[in-house]
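Working notes, structure below.
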Amino acid sequence: MRLDRFLSEQTALSRKDAQTAIRKGSVTVDGIVVKKPDHTVFPEKNEISLAGKPLVFAEHHYFLLHKPEGVITATEDAKQKTVLDLLSADDRLPKLAPCGRLDIDTTGLLLITDDGQLSHRMLSPKHHVMKYYLAKLSEPLSADTKPRFADGIAIREGAGEVICQPAECEEIAPCLAVVGIHEGRYHQVKRMFAAVGNHVEKLLRFQIGNVPLPPDLPLGAYFVISDKEAGEMLMNPAFSSICAFCKENYSSYWINNQA
Ligand code: URA
């Protein structure tokens, strides 16, 4: 691989800026300054440094963000702040995109990655990757909510209706319900509760597959995970353990975070 390509893929530098940095002598390969942008490197074997800082090669990058309210799930926007704006300049690598979408007023766990294959598997309903939400409701859960969600509830779509895939639901405190879905329709959780005559006042995504939102991660903060850890998102734990985890860690979420 060309050295300038390696740099532009592993850092936030554009290809042009990578070439400038190389020509200026800021890049070493195995301790030797290399000034030719087209110099061939073997990322798995060579130790490449930029301004004295070794670059750790990774084929793909994974960031887990605690999305706050008021930020849109997009890569760029002329008017509104996007989830990518929450990454530091050094972490804004090319090809990063949010995996799936949370509404502007939804908070919680969001994966930002350049791994298109993993994103596809996580989002395709065919792969049944569960996303778990805590919903603050305006009314207590009605007796028919759980069975109707489990059967596949009809929600309004345009002038008609669509039937959702079966979903799990449990009330863990009055007006607080955990919901597990493996689709990602627009406003899906909100529309599912609307279909049973309830209303979602606040929504938090606290887990994807086997990967929870760390309870101590502040709103707007993020951290890097490995490809192996990201793969855990494709595993589905038992719903009872999800509810117990949520009850223990997130039942006071809106009190603590004022989100
Ligand atoms: N369902 C919703 O209604 N909103 C979200 O942000 C995610 C799921």
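The values are calculated or read from the model by the stated rules, or taken from the named source; none is laboratory data. Not measured: the values here are computed from a predicted model. In this analysis, Cβ positions are derived from the backbone assuming ideal geometry, glycine residues included, and neighbour counts consider all displayed protein chains.
Of all residues in region 157-201, count the ones that are more than 19 Å from PRO125 (Cα to Cα), more than 9 Å from the ligand (Cβ to nearest atom) and in a strand (DSSP E or B). Working first, answer last.
Within region 157-201, the subset more than 19 Å from PRO125 (Cα to Cα) is 158-160, 170-178, 193-201.
Adding the requirement that they be more than 9 Å from the ligand (Cβ to nearest atom) leaves 158-160, 170-178, 194-199, 201.
Retained after the next criterion (residues that are in a strand (DSSP E or B)): 160, 170-173, 176-178, 201.
Total meeting the criteria: 9.
ALA150 fails exactly one of the following numbered conditions: (1) out of contact with any strand residue (DSSP E or B) (no Cβ under 9 Å at 6 or more places or on another chain); (2) of a type in the set (Gly, Ala, Ser); (3) within 26 Å of GLU248 (Cα to Cα). What is the number of that condition?
(1) is the only condition that ALA150 fails.
Before we move on, is LEU64 touching an Asp or Glu at 6+ places or on another chain (Cβ under 9 Å), crowded, with 17+ Cβ neighbours inside 10 Å and aliphatic (A, V, I, L, M)?
On the way: touching an Asp or Glu at 6+ places or on another chain (Cβ under 9 Å): yes; crowded, with 17+ Cβ neighbours inside 10 Å: yes; aliphatic (A, V, I, L, M): yes.
The answer is yes for LEU64.
Can you report the number of residues in region 212-245 which are in contact (Cβ under 8 Å) with a residue 24 or more places away in the chain, aliphatic (A, V, I, L, M) and surrounded by fewer than 20 Cβ atoms within 10 Å (Cβ to Cβ)?
7
Need pairs with beta-carbon distance below 7 Å; first residue in contact (Cβ under 8 Å) with a residue 60 or more places away in the chain and within 11 Å of ALA177 (Cα to Cα) and within region 195-209, second in a strand (DSSP E or B) and within 12 Å of the ligand (Cβ to nearest atom); sequence gap 6+ or separate chains.
VAL200/ALA135; LEU203/THR106; LEU203/TYR133; LEU203/ALA135; LEU204/THR107; LEU204/GLY108; LEU204/TYR133; LEU204/LEU134
Filter region 156-185 for residues that are modelled with pLDDT under 95 and under 15 Å from ARG205 (Cβ atoms); which is surrounded by the most Cβ atoms within 10 Å (Cβ to Cβ)?
The residue in question is HIS182.
Select the strands (runs of 3 or more DSSP E) contained entirely in region 11-123, then report the ones holding at least 1 residues which are β-branched (Val, Ile, Thr) and more than 16 Å from the ligand (Cβ to nearest atom).
Details: elements: 27-29, 48-50, 62-67, 106-113.
Of the strands (runs of 3 or more DSSP E) lying wholly inside region 11-123, those with at least 1 residues that are β-branched (Val, Ile, Thr) and more than 16 Å from the ligand (Cβ to nearest atom) span 27-29, 48-50, 106-113.
Going through THR20, THR40, THR82 one at a time, which residue ends up being under 25 Å from VAL189 (Cα atoms) and modelled with pLDDT of 90 or more? Steps first, answer last, please.
On the way: THR20 fails: under 25 Å from VAL189 (Cα atoms); THR40 fails: under 25 Å from VAL189 (Cα atoms).
The match here is THR82.
Check off (1) within 16 Å of the ligand (Cβ to nearest atom); (2) touching a residue at least 40 places away in the same chain (Cβ under 8 Å); (3) loosely packed, with under 14 Cβ neighbours inside 10 Å; (4) not polar (S, T, N, Q) for ILE153 and give me the number that stays unchecked.
(3) is the only condition that ILE153 fails.
Could you tell me whether LEU50 is crowded, with 20+ Cβ neighbours inside 10 Å and either hydrophobic (A, V, I, L, M, F, W, C) or without any contact (Cβ under 8 Å) to a residue 12 or more places away in the chain (or both)? Break it down into steps so the answer makes sense when it comes.
On the way: crowded, with 20+ Cβ neighbours inside 10 Å: no; either hydrophobic (A, V, I, L, M, F, W, C) or without any contact (Cβ under 8 Å) to a residue 12 or more places away in the chain (or both): yes.
So LEU50 fails the test.
Can you pull out every residue in region 124-138 that is assigned to a helix (DSSP H, G or I) and in contact (Cβ under 8 Å) with a residue 24 or more places away in the chain? Steps first, please.
Of the residues in region 124-138, the ones assigned to a helix (DSSP H, G or I) are 125-127.
PRO125, HIS127, listed by residue number.
Select from region 133-148 the residues that are closer than 24 Å to ILE104 by Cα and away from the ligand (no atom under 13 Å from the Cβ) and write down the one among them that is surrounded by the fewest Cβ atoms within 10 Å (Cβ to Cβ).
Taking region 133-148 and keeping what is closer than 24 Å to ILE104 by Cα, we get 133-139.
Imposing the further condition that a residue be away from the ligand (no atom under 13 Å from the Cβ) reduces the set to 138-139.
Numbers: SER138: 11, GLU139: 13.
Looking at the filtered set, the residue picked out is SER138.
State yes or no: is GLU229 touching a strand residue (DSSP E or B) at 6+ places or on another chain (Cβ under 8 Å) and within 16 Å of the ligand (Cβ to nearest atom)?
On the way: touching a strand residue (DSSP E or B) at 6+ places or on another chain (Cβ under 8 Å): yes; within 16 Å of the ligand (Cβ to nearest atom): no.
When the stated conditions are applied, GLU229 does not pass them.
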